[in-house]
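Okay, so here's the structure we're looking at.
The values are calculated or read from the model by the stated rules, or taken from the named source; none is laboratory data. No experiment lies behind these values; they were computed from the predicted model shown. Glycine gets a Cβ as well: all are built from the backbone with ideal geometry, and neighbour counts include every protein chain shown.
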Amino acid sequence: MSAVAVHSLWTMAADPIDKIDAPKIEYGQLSPTLIVIGAAIIGVLIEAFVPRKSRYYAQVFLSIVSLAAAFAAVIALATRGYGTTKAGIVAMGAIAVDGPALFLQGTILLAGLLGVFTFAERRLDPVAHGNQVDSFAAQAASVPGSDSEKAAVKAGFTTTEVFPLLLFAIGGMLLFPAANDLLTLFIALEVFSLPLYLLCAVARRKRIMSQEAAVKYFLLGAFASAFTLFGIALLYGYAGSVSYATIAQVVDGSIENVTPALAETMGNDALLLIGAAMLVMGLLFKVGAVPFHMWTPDVYQGAPTPVTGFMAAATKVAAFGALLRLLYVVLPGLSWDWRPVMWAVAIVTMLGGAIVAITQTDIKRLLAYSSIAHAGFILAGVIATSADGISSVLFYLGAYSFVTIGAFAVVTLVRDAGGEATHLSKWAGLGRRSPLVAAVFAVFLLAFAGIPLTSGFAGKFAVFKAAAEGGAGAIVVVGVISSAIAAFFYIRVIVLMFFSEPKPEGPTVAVPSPLTMTAIAFGVVVTLVLGVAPQYFLDLAGQAGVFVR
Amino acid sequence: MSFPLLTATAALPALGAIATAAVPAARRTAAKWLALLVSLATLGLAVAVLVRFDPDYVGPKGNFYQLTESHSWIADFGVRYELGVDGIGVALIALTALLIPFVILAGWHDADPLETRSSRWRPTQGFFALILAVEAMVILSFEATDVFLFYIFFEAMLIPMYFLIGGFGDRAHKDGEEVASTQRSYAAVKFLLYNLAGGLIMLAAVIGFYVVAGHFSLQTIAEDGLPDMATSTERWLFLGFFFAFAVKAPLWPLHTWLPNAMGEATAPVAVLITAVVDKVGTFAMLRFCLQLFPEASKWATPVILVLALISIIYGALLAVGQRDIKRLVAYASISHFGFIIMGIFAMTSQGQSGATLYMVNHGISTAALMLVAGFLISRRGSRLIADYGGVQKVAPVLAGTFLIGSLATLSLPGLAPFVSEFLVLVGTFTRYPVIGIIATFGIVLAALYTLVLYQRTMTGPVKPEVSAMPDLRVRELVVVTPLIALLIFLGVFPKPLTDIVNPAVKQTMSDVQKKDPQPEVEAAK
């Protein structure tokens, strides 16, 4: 059993060297992650060796090609049955290649691709000293407002490092929902979190705010990582293994005494409960569930908007994927313990996100709280503990991520002299000035609100149906009530855009390059297609809804 | 496969909406004519539905839905694209298709831009496209025999309605400058939130129904019978459905959005709300509450009847006290919806036939009254009753049509609403005499508010502001005359309508396993 083999690496280091098996790596099945990580490393080399003038083009080209290639690899794996019949655990028990992993990896890669498009946008900000500039600081290291910053802007520097950072983050996210032991889970968590902390800090405008957001995100994220790691240690003490399968077997009592050295702690339920709670806490932090959501509004507001859009979509997908695998593969034997807790978390998350969002006056903060409420809806599917629950969460994540990226991409377009005009009062009358942009944003808002014929409704129906079938009728009732509350603030934005008189010095809508247009158009198309004809994608999510153990 | 007539009836206005929205900004008039032609063609298709419809048809295995279409749509949710009509649905489709051309014609100039703004802002195209979109969704919700399909259009129609209410108001106080009315956007938001909240509660019940039944198809239920439900489950689900329909209908105490919405919207949009969209609520009570949850419906009947009674009296009393013409009509409508709901839940065949006829007749009579009121308001630029006086001396035709509309609203014998109101009252009285008697006071109050309205606006000395008021124009006459003709025709000869409706009502009655109470004295032949 490969799980035991990996374990032997840890405990029998004193034995003669020739007893260690050479690790067997299934490169083909790991190719999506390997392509992205490899491209990220090449991206770092480009930063070092390619002349400044051509770095941007080289990085954009590399990112798009590698993400497209990785997506193609995911599709190829899925069509060859690695999501269903040939699903298995690879890399000596460290990584699972199965339906949920491939589905989520595909979603993350598409979201990442759209993310690259919005990262690469250079037509929105006014030309500075003859150079087209993107949303990122000219030189992240220069102090805001200092001479060195001015010099960097004048010299036309750009932070092209964002592209390799994005690729590293995507690489970590691809690994996160596929991780099949706790150490891989933790490494994946760090690999995608650290680049995101950095990305949050490099906004071109409002740099202090951006750096503040990054520091907050980093401190709270580090705290959550520490919790995760502590939880992992406790679980190891309980089960004597970090492998998902082994822990699950120890939890349900089918094997005992994996590690004689841990005889004193193994089987101690306190370790299991506290460890599992800490681990789940770390993941709930990443998905932004109440009460671990405090970072969300500040970070969403302060980060450069393309980063926010990507992060809001892809982090959620990756973290929910990992949470699903943890709860369904490692801790199903504990479901009587975690279900009530998750019930409570889902309820406060739905209500908390929806209620606090009402008072927001900044569009990015509003979307942040809306994302919290959506995390609650997704949790409703998670606690269904059924195959339908898994597939409904997968579908919801797919639907939600493209709406989110599209919505944040629209936010980047509405600008005034100070950059993006994110204060809601500035959006007044946008529908009169730019009906098309306002209509597109209204479509996204309606999808967030879960109005029928949009993807948001299909997703919401799927998770609520799964929850109701799983006996969580109360969750469904709370869910529809918080949907009604949430509808209020989405509608408020629509009112503002269409029924308010435009202000004379209101923002203008910048005309984007085809890159951002593609991202927005893709978001609209996915929103409407998943709303009107979701069957194919529900099938896809349904087929992908089985975890390999 | 036969021609999908029901799909076509809904698809035509939907496509027409897209086409109208796509008309270039400068070709406003073309957009109007396009919308009108589409609505007339839809009326043609609705007539075809009416002709193909056979009132006494009973299909295989007791499936009484006709002109059925059935396709798989979202198999994972058990959702089918399933259409079919019974007599009640046909009558309401006909009403909808009939009223929309008048709504479009009456609102001909309501959405003209006041000045040529930026070339991309196209309110006229938007206005007519939204009206057609509402028509498509309303017709689909009358046709859907799949609970989920119905729910989708029940909810989705809120969005175009919301833009119609919030985006287009009276031209009254604008002085050349388009002032954004905070009142109006308040009304639109209130409309949306009330209905969305109702709809979302219903969503929980729809999901619950699926968990219990495993499918959404009314046709399957017509063939195989209802799924087994625990009594408490059935009651909860019933409440979830009924709540949404009671908001839409609207039933006291969930009615407060209606006066705002009707007061702020333009008269044609107000007609669209009360005569067309709200009918989906009462229709759905008949179709879904009674057919899916017969036991729970009987369980809830006493409470609902009392609420309906309160609606009748309360709506009428508040109508008496209104100073705003459009709000008065709104409260009168609340009173009338009370009658409709009372008729539905009286559980007698007269009551339910009466309620169905009431839906149609109320649609026509409110349209007549409200559209004439809209013409009046557009002339003077004020909605306040006190700003008028002596109009009948200046504009006799306008006053005359207004009078007929008013008389229809108070259910004068000889006009269509009388037949339905009488049936509802008789139907209620045979089972619940006390409630029937109290409800009759609603008619007395109706006489009060309509006649006082007429008296204050039309009679008396001519106010100086109205002295130059022009009489009805040709376009306006084209709108009003057919409606009035129809009111008189259906008042004298309601048989065509009752023939369509009665078998369907009988079916509903047998679904709830209720028999009419036997009269104690045989009526003299």
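The condition of being away from chain B (no Cβ under 14 Å), buried (at least 24 other Cβ atoms within 10 Å of the Cβ) and closer than 15 Å to A:LEU496 by Cβ does not hold for A:VAL403.
Could you list, in sequence order, the residues of segment B:209-226 that are in contact with a Gly (Cβ under 7 Å, 6 or more places away or on another chain) and either modelled with pLDDT of 85 or more or more than 11 Å from every other protein chain (Cβ to nearest Cβ) (or both)? Full working, then the answer.
Just the residues of segment B:209-226 that are in contact with a Gly (Cβ under 7 Å, 6 or more places away or on another chain), to begin with: B:210, B:214-216, B:219, B:222-223.
If the condition is that a residue be in contact with a Gly (Cβ under 7 Å, 6 or more places away or on another chain) and either modelled with pLDDT of 85 or more or more than 11 Å from every other protein chain (Cβ to nearest Cβ) (or both), then B:TYR210, B:HIS215, B:PHE216, B:GLN219, B:ALA222, B:GLU223 are the ones that fit.
What residue, among those in segment A:453-508 that are in a loop (DSSP other than H, G, I, E, B) and not small (Gly, Ala, Ser), is farthest from the chain's Cα centre (by Cα)? Filtering segment A:453-508 for residues that are in a loop (DSSP other than H, G, I, E, B) and not small (Gly, Ala, Ser), the one farthest from the chain's Cα centre (by Cα) comes out as A:PRO504.
If you go through segment B:349-368 one residue at a time, do you hit one that is of a type outside the set (A, V, I, L, M) and not in a helix (DSSP H, G or I)? Spell out the reasoning first.
Of all residues in segment B:349-368, those of a type outside the set (A, V, I, L, M) come to B:349-354, B:356, B:358, B:361-363, B:365-366.
So of that shortlist, the ones also not in a helix (DSSP H, G or I) come out as none.
So far as segment B:349-368 goes, no, none of its residues is of a type outside the set (A, V, I, L, M) and not in a helix (DSSP H, G or I).
Pairing each residue of segment A:35-48 that is at negative phi with any residue that is β-branched (Val, Ile, Thr) and surrounded by 15 or more Cβ atoms within 10 Å (Cβ to Cβ), provided the two are 6+ apart or on different chains, yields C-beta distances under 6 Å for A:VAL36/A:ILE170. Comparison of B:THR42, B:THR29 shows that the only residue that is touching a residue at least 12 places away in the same chain (Cβ under 8 Å) and of a type in the set (S, T, N, Q) is B:THR42. Within segment B:154-181, restricting attention to residues that are in contact with an Asp or Glu (Cβ under 9 Å, 6 or more places away or on another chain) and part of a helix (DSSP H, G or I), which residue is modelled with the highest pLDDT? Only one residue tops the list, namely B:ILE165. Checked against (1) within 11 Å of chain B (Cβ to nearest Cβ); (2) in contact with a Leu (Cβ under 9 Å, 6 or more places away or on another chain), A:GLY523 passes all but condition (1). For a quick check of your reading of the model, give me the residue pairs whose first member lies in segment A:533-547 and is part of a loop (DSSP other than H, G, I, E, B), whose second is of a type in the set (S, T, N, Q), with beta-carbon atoms closer than 6 Å and at least 6 apart or on different chains. Hits for this filter: A:GLY545/A:SER391. With respect to (1) without any contact (Cβ under 8 Å) to a residue 60 or more places away in the chain; (2) surrounded by fewer than 21 Cβ atoms within 10 Å (Cβ to Cβ), the lone exception for A:ALA449 is condition (2). Residue check: B:PRO417 meets all listed conditions (1) closer than 21 Å to B:THR348 by Cα; (2) in a loop (DSSP other than H, G, I, E, B) but one, namely (2). Take B:GLU82 and tell me if it is acidic (Asp, Glu) and crowded, with 23+ Cβ neighbours inside 10 Å. It is true that B:GLU82 is acidic (Asp, Glu) and crowded, with 23+ Cβ neighbours inside 10 Å. The numbered conditions (1) at the interface with chain B (Cβ under 9 Å from one of its Cβ atoms); (2) surrounded by 15 or more Cβ atoms within 10 Å (Cβ to Cβ); (3) over 30 Å from A:ASP181 (Cβ atoms); (4) not aliphatic (A, V, I, L, M) are all true for A:GLY542 except (3).
Does segment B:287-302 contain at least one residue that is at pLDDT 90 or above, assigned to a helix (DSSP H, G or I) and surrounded by fewer than 24 Cβ atoms within 10 Å (Cβ to Cβ)?
Of segment B:287-302, the ones at pLDDT 90 or above are none.
No.
Consider segment A:123-157 and keep the residues that are within 23 Å of A:THR518 (Cα to Cα) and in contact (Cβ under 8 Å) with a residue 40 or more places away in the chain. The one that is surrounded by the fewest Cβ atoms within 10 Å (Cβ to Cβ) is A:ARG123. A single entry from A:LEU189, A:LEU194, A:LEU175 fulfils the requirement of being part of a helix (DSSP H, G or I) and surrounded by fewer than 23 Cβ atoms within 10 Å (Cβ to Cβ): A:LEU194.
Collect the residues in segment B:28-81 that are in a helix (DSSP H, G or I) and within 14 Å of chain A (Cβ to nearest Cβ), keeping them in residue-number order.
B:ALA75, B:ASP76, B:PHE77 - these are the residues of segment B:28-81 that are in a helix (DSSP H, G or I) and within 14 Å of chain A (Cβ to nearest Cβ).
Looking at this structure, is A:GLY431 within 12 Å of chain B (Cβ to nearest Cβ) and touching a residue at least 12 places away in the same chain (Cβ under 8 Å)? Criteria met by A:GLY431.
From the list A:LYS465, A:LYS503, the lone residue that is in contact (Cβ under 8 Å) with a residue 60 or more places away in the chain and at the interface with another protein chain (Cβ under 8 Å from one of its Cβ atoms) is A:LYS465. Every residue in segment B:182-202 that is within 9 Å of chain A (Cβ to nearest Cβ), closer than 15 Å to A:ILE485 by Cα and either in contact with an Asp or Glu (Cβ under 8 Å, 6 or more places away or on another chain) or among the aromatic types (Phe, Trp, Tyr) (or both), please. B:LEU196, B:GLY199 - these are the residues of segment B:182-202 that are within 9 Å of chain A (Cβ to nearest Cβ), closer than 15 Å to A:ILE485 by Cα and either in contact with an Asp or Glu (Cβ under 8 Å, 6 or more places away or on another chain) or among the aromatic types (Phe, Trp, Tyr) (or both). Checking each residue in segment B:393-413 for being over 16 Å from B:PHE489 (Cα atoms), assigned to a helix (DSSP H, G or I) and touching a residue at least 60 places away in the same chain (Cβ under 8 Å) picks out B:LYS393, B:VAL394, B:PRO396, B:VAL397, B:LEU398.
Against the condition among the basic types (Lys, Arg) and either under 21 Å from B:VAL103 (Cα atoms) or modelled with pLDDT of 90 or more (or both), how does B:ARG323 come out, does it pass?
no
Residues in segment A:526-539 that are within 14 Å of chain B (Cβ to nearest Cβ), of a type in the set (A, V, I, L, M) and under 30 Å from A:GLU121 (Cα atoms): A:LEU528, A:VAL529, A:LEU530.
One residue stands out in segment A:468-480 among those that are facing chain B (nearest Cβ under 8 Å) and touching a residue at least 24 places away in the same chain (Cβ under 8 Å): the one that is farthest from A:SER386 (Cα to Cα), namely A:GLY479. Only residues that are facing chain B (nearest Cβ under 8 Å) and among the small types (Gly, Ala, Ser) were counted in segment A:434-448, giving 1. Just one of the listed residues (A:PHE218, A:PHE227) is surrounded by fewer than 24 Cβ atoms within 10 Å (Cβ to Cβ), over 30 Å from A:GLY418 (Cβ atoms) and either without any contact (Cβ under 8 Å) to a residue 60 or more places away in the chain or not charged (D, E, K, R) (or both), and it is A:PHE227. For segment B:463-516, the tally of residues that are among the hydrophobic types (A, V, I, L, M, F, W, C), crowded, with 17+ Cβ neighbours inside 10 Å and either under 24 Å from the mean Cα position of the chain (by Cα) or not in a helix (DSSP H, G or I) (or both) stands at 16.
Listed here are the residues, each with its yes/no results for (1) assigned to a loop (DSSP other than H, G, I, E, B); (2) closer than 26 Å to A:VAL330 by Cα; (3) modelled with pLDDT under 90.
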residue	(1), (2), (3)
A:TYR57	no, no, no
A:ILE64	no, no, no
A:PHE71	no, no, no
A:ILE75	no, no, no
A:THR84	yes, yes, yes
A:PHE117	no, no, no
A:GLU121	yes, no, yes
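Determine whether A:GLY381 is part of a helix (DSSP H, G or I) and touching a Ser or Thr at 6+ places or on another chain (Cβ under 6 Å).
Values: part of a helix (DSSP H, G or I): yes; touching a Ser or Thr at 6+ places or on another chain (Cβ under 6 Å): yes.
So A:GLY381 fits the description; yes.
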